[in-house]
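Here is the structure we will look at, set down as structure tokens.
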Amino acid sequence: MQGKFIVVEGLEGAGKSSVIDLIVARLKKAKINCITTREPGGTPMAEAIRECVKQPWQEQVAEETELMLMYAARKQLMVNQILPALASGQWVVGDRHDLSSQAYQGGGRQICVKTMQMLSDITLNGFKPCLTLYLDVQPEVGLERAKGRGALDRIELSGLAFFERTRQRYLELAAADKRIITIDAMQPIEQVHANVVATVENFLTC
Ligand code: TMP
């Protein structure tokens, strides 16, 4: 039987890592075999692309360059990890997926919908996660948390207005798709985790 793909999304500092740990633990409890992925990254070539997009460059990085690198990394991850795992019956828990490109490059960088759709079609051919948990956090709150973890990377240095547009696009896309569940990640962590567990339980029983 084909496995299922669950994705966790959100701005920097939204708390994705602990939520992913929680989901993996819940799947293990249900005796579901799963792997985790992260984007951009997750294969040797995609990890090299991750370094490339995050590091600062002494040249202008065109928005379309950033976009195409994100999709190049995603295609590598799809063909080498996600699709084979799902075909073998394993579940996949992803730290980011296509919704990140829609929000960061489509919303934040304001790349037009037509270009976004073309790259998404080439890379995914209509493939979509079964469930996405979007952890919603105000950019100021998330970036403050991210700063606490160390120096900010090239994307994290894009400025508050960029992250506000990114969050806005996340919220719009989540509101339009039943498979995307928005969780308020500014609540106390116990409450966030309780909402995550309830969402996963509901998905497992449906
Ligand atoms: P993170 O996984 O540590 O959050 O780092 C990934 C960074 O890349 C983060 O700033 C979000 C950004 N990103 C995009 O801009 N577009 C994408 O499609 C993906 C997957 C990530």
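Close amide-amide hydrogen proximity is noted between Ile35 and Trp91, Val92, Val93, each under 5 Å apart and 5 or more residues distant or on a separate chain (H modeled in the peptide plane; Pro and chain starts excluded). For the range 7-16, putting each phi into the Karplus relation 6.51 cos²θ - 1.76 cosθ + 1.60 with θ = phi - 60° gives couplings of 10, 10, 10, x, 5, 4, x, 7, x, 4 Hz, in residue order, rounded to whole numbers and with x for Gly and Pro. Here the 3J(HN,Hα) profile of the range 120-137, calculated from phi with Karplus coefficients 6.51, -1.76 and 1.60 at θ = phi - 60°, is 4, 4, 4, 7, 10, 6, x, 5, 9, x, 6, 8, 10, 9, 9, 8, 8, 9 Hz, Gly and Pro shown as x. Rounded to a whole number, what % of the accessible area of the chain do carbon and sulfur atoms account for, probe 1.4 Å? Roughly 55 percent of what the probe reaches on the chain is carbon or sulfur. Can you list the residues of the range 64-82 with backbone N under 19 Å from a point 7 Å past the Cα of Gln110, pointing along Cα to Cβ? Answer for the range 64-82: 64-68.
Under 5 Å between amide hydrogens, built in the peptide plane, is the criterion, and for Ile183 it picks out Tyr134, Leu135, Asp136 among residues at least 5 positions away or on other chains.
Cross-link partners for Lys75 among the lysines, with Cα-Cα distance under 26 Å and sequence neighbours closer than 8 places in the same chain left out: Lys4, Lys16, Lys54, Lys114, Lys128, Lys178. According to the Kirkwood relation over distinct C-alpha pairs, the hydrodynamic radius of the range 5-205 is 17.2 Å. Computed on the range 1-140, with alpha-carbon pairs under 8 angstrom and 6+ residues apart, the relative contact order is 46 percent. Taken per residue, the accessible surface of the chain reaches 51 Å², heavy atoms only and a 1.4 Å probe.
Placing +1 at every Lys and Arg Cβ and -1 at every Asp and Glu Cβ, with all other atoms neutral, what dipole size does the range 5-205 have around its Cα centre, in debye to the nearest 20?
Working: 23 positive and 24 negative charges, 114 e Å.
With Lys and Arg at +1 and Asp and Glu at -1, about 540 debye.
Please return the longest range in the chain lying between exposed loop sites, taking trypsin sites (Lys or Arg not before Pro), DSSP loop only, at most 11 other beta-carbon atoms within 10 Å, and leaving the sites out. Mind dumping the intermediate values first?
Numbers: sites that count: Lys31, Arg149, Lys178.
Free of exposed loop sites, the longest segment is 32-148.
In loop segments of the range 104-194 as defined by DSSP, the chymotrypsin sites (Phe, Trp or Tyr not before Pro) with at most 14 further C-beta atoms inside 10 Å of their C-beta are Phe127. Dividing the Cα radius of gyration of the range 67-135 by 2.2 N^0.38 Å, with N the residue count, gives 1.12.
The values are calculated or read from the model by the stated rules, or taken from the named source; none is laboratory data. Note that this is a predicted model, so its numbers are computed, not measured. All Cβ positions, glycine included, derive from the backbone under ideal geometry; neighbour counts span all protein chains shown. Side chains are part of the model used for accessible areas, which takes the heavy atoms of the whole protein and leaves out ligands, DNA and RNA. Shrake-Rupley method; radii C 1.70, N 1.55, O 1.52, S 1.80 Å.
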